[in-house]
Structures are given as structure tokens and as C-alpha cells.
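Single-structure report; data block below.
FYI, it's all coordinate maths here, none of it is from the lab. On a predicted model such as this, the values are computed, not experimentally measured, just so you know. Methodologically, a virtual Cβ is constructed for each residue, glycine included, from the backbone with ideal geometry; neighbour enumeration extends over all protein chains shown.
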Amino acid sequence: MQISVKIATEGIQKPNRRAFLLLVRLKMAFPHGWVSKTPAEIGVMFGLSESTIRRRLHKLEKLGFIRKQPSGAFVMSNLNPKKRPWSPREKALIRFGLMKPKLSTVKLRPEMCDEEILAHLSSKVGGKYCRECDFMYKVKKDNDSMRRGGKIQSFKSEGLVHRLMRKYQPVNESPNKKIVISDSKMAARLGVTVQDFRRNIKPFWRVYGTLNWTGTLVQLRMCKEEMRYGNFPSGAFVHKANAYTHTTQYINLPKL
């Protein structure tokens, strides 16, 4: 099933999530895009009540994903228009081999549960963010190598590296080999809350192998007085009189 990153981002947001999951299942059941069944019949297909189906169909109509015909049938919209233009960042990813210049596909099956479908859709968005971070790592790595008088490895010329640094203006110019992204930044990219990301999305990336990650505890240098008055950075916690935070490293990044 072809779904653009932009539409997947909209679909996984919590207010839209249940309705979008219904749309995905309808897409799998009616690949031609024409649903000629009543809400009651659709409810029987997916084990949901008629009222639930009506609410979710109404939500999909408001989002513009389906249109109701005078006959009562529903027409589903294309979720990845072929004429969609590439963004400047996508063009850069394509140019340097980090993204395939074709419509991307999410492999879904009717027997998948909602959590697995959500894991595939959200990892499509999260994976793109990881590839952007990997791209910036290569830019900063070659820039750092040039400063030290070494050779560049990822790009064709030093001038190209200079142009990329000026174009993207990274806050931290030091290369970070590991793709380490905080939960708050990833949640912001997905358009969900940190709590929702940690509870309903991130664990299932690992369970279903859609986007692999590993967590590492990092001890913070904080004195007892600082911990006593609760001067903790976001996400920090205390264990056995020491303050810790954790980092998430993403590994084996899939290509679109």
C-alpha cells in the first residue's frame, strides 16, 4: 500500500488514529477504492458496532480521505498522489542515496492487529527523520575532516560540503556517529505527545521490527542538593542516590 509520509503523519495523530486505521483496512479490503457496503456491513467485516463505524467514517470525511456518493457508497482518496513534488530535503536524500526516488510502500496485511499497522505507519515517518539525521552526520563528519586537514568520504567535493553546511546550518557542528534522538524530538516529528509515543508507538517498533532501537542509561553529574530541590532536566530520574537519563539510538535504518 502506497502512503505518503505527510498523510501517514496526519493519520497516526491520536485524534485521527482510529479512523485512519479503519481507512487502511478498507483500502486492503477494497483496493479499487470503492466501498459499496453500508456501515452495518462494514462493522460486521471488522468486528465493530455500526455506530463506531459511522463515527469513524464521519471523521474520515472531515479529513478528506473519503467521499460519500448519493448512492450511499464511499470513494477513498489516493493516499500517495503520483504528482506530489519532492521537498528540498527529500531531493537531498535522493541525491545522496538515502531515499529511493519512487513512491514508497508500506507492506500491510489484513491479519495484522492495530498496533502492528500503527507501528508500520509511524516507523515510515520516524525512519525518514532518522535518515535525515544520518545525512547530517555525514555532512558534519566531512566538514570536521576538512577542518583537520583530512579527506572527505561521503561527498564528491569540499565545495559541496561547504554549501550543505551553509544551507542546513546545524546547531552542533560536531559529528555524532550514533543516530541518537530524544523521545521528545521524535514525538514532535510524529505529531504525538511524548507519553503517547513511549506507550503506544516506540515499544511496538521493537516488537514488530519496523524501526530498531536500543536504550542506554546515562548518569548525570548532579550533587545531592540539586537532586533534593528537584532541579532535573526533562526525562531524568533518581535511582540509588544518583540521577540518570536515557538515550535512544536507532540502528539498521530502513530505506523508503
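Calculated FRET efficiency, S182 to L160, Cβ-Cβ distance, R0 = 41 Å: about 0.90 to the nearest 0.05.
Using the Cβ-Cβ distance between R206 and E111 with R0 set to 25 Å, the FRET efficiency from 1/(1 + (r/R0)^6) comes to roughly 0.75.
Considering only P70, L211, I94, the residue lying farthest towards the positive end of the dipole of the chain is I94, judged by Cα position with unit charges set on Cβ. Residues of segment 1-17 with an amide N closer than 15 Å to a point placed 7 Å from the Cα of T193 along the Cα-to-Cβ direction: 13-17.
Under 10 Å, Cα contacts only: if you run a Gaussian network model on the chain, which one of S123, S184, S87 comes out with the highest mean-square fluctuation? Evaluated over the chain, the most mobile residue of the options is S87. When the chain is treated as a Gaussian network with alpha carbon springs shorter than 10 Å, the biggest mean-square fluctuation among M28, M146, M76 belongs to M146. Using the Cβ-Cβ distance between I94 and M1 with R0 set to 22 Å, the FRET efficiency from 1/(1 + (r/R0)^6) comes to roughly 0.55. Placing +1 on each Lys and Arg Cβ and -1 on each Asp and Glu Cβ, with no other charges, gives the chain a dipole about its Cα centre of roughly 780 debye. Think of the chain as having a plus end and a minus end, set by charges on the Cβ of Lys, Arg, Asp and Glu; of P170, I201, S122, P170 sits farthest toward the positive end of this dipole. Computed from phi, the 3J(HN,Hα) profile of segment 190-203 under the Karplus parametrisation 6.51, -1.76, 1.60 (θ = phi - 60°) reads 6, x, 10, 6, 4, 4, 5, 4, 5, 8, 10, 10, 4, x Hz, with x in place of Gly and Pro. Contact order for segment 1-82, expressed relative to its length and based on alpha carbon pairs under 8 Å spaced 6+ residues apart, stands at 35 percent. Taking the Cα centre of segment 102-163 as origin, work out the dipole magnitude from +1 charges on Lys and Arg Cβ and -1 charges on Asp and Glu Cβ, in debye rounded to 20. With only Lys, Arg, Asp and Glu charged at Cβ, the dipole is about 540 debye. Calculate, in nm to one decimal, what R18 and V44 gain on full extension: separation in residues at 0.36 nm each, minus their alpha carbon distance. In short, 7.7 nm is gained. Simple point charges give the picture: +1 on the Cβ of Lys and Arg, -1 on the Cβ of Asp and Glu, and for segment 1-82 a dipole about the Cα centre of about 240 debye. Note on L217 and E61: their simple-model spin labels are 5.3 nm apart, each label 7 Å out from Cα toward Cβ.
Against the set (1) 18.9; (2) 21.0; (3) 18.1, the structure's computed Kirkwood radius over Cα pairs in Å falls on (2).
Modelled this way, with points 7 Å down the Cα-to-C-beta line, the labels at S174 and M28 are 4.6 nm from one another. Measuring against 23 Å, Cα to Cα, the residue pairs K91/K140; K91/K202; K27/K185; K62/K202; K14/K91; K128/K185 contain K91/K202; K27/K185; K62/K202; K14/K91 as the ones spanning a longer distance.
If you build a Gaussian network model of the chain, linking Cα atoms that sit under 10 Å apart, which residue out of L21, L211, L63 swings the most? Checking each option, the largest mean-square fluctuation is seen for L63.
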